[in-house]
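Before any comments, here is the structure.
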Amino acid sequence: MDVHSTAAVQAYKASRPATEADPNESTSQGLKATFRDFAHTMEMGEQTALAAMSGKADPHSLVQALAQTELAVETAVTVRNKVVEAYQEILRMPV
């Protein structure tokens, strides 16, 4: 094993998986950060669209901003649907 492979293995072991919860962050802080990121993505999409309409932004940045906004909205809708589905499952549980 060469030095680069060893360094890559050590870096991989040291990194935390994306799905692992941060023990120092509470659920409410995580949700607030997620909502802030969503709002920021929506705001940046709107600003880019306005700039493109006034000729201050190129079409490529407009398409990129719209794609990011679309992905954020689709993700939010998917999460909402999963929450509603889980709530309905809870309601169907016998007491």
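Derivation of every value follows stated rules applied to the coordinates shown; laboratory data play no part. Predicted model, so just to flag it, every value in this text is computed and none were measured. Virtual Cβ from ideal backbone geometry, glycine too; neighbours counted across all protein chains shown.
Under 5 Å from the amide H of Ala57 lie the amide H atoms of Ala52, each residue being 5 or more positions distant or on a separate chain, with H modelled from the backbone and absent for Pro and chain starts. Per-residue packing, averaged as other Cβ atoms within 10 Å, sorts the ranges 46-52, 31-37 into the order 46-52, 31-37, beginning with the highest. FRET efficiency for the Asn81 to Asp37 pair, using the beta carbon distance and R₀ = 22 Å, is estimated at 0.65.
Each Lys or Arg adds one and each Asp or Glu subtracts one; over the other residues with Cβ under 15 Å from the Cβ of Gln47, this totals -2.
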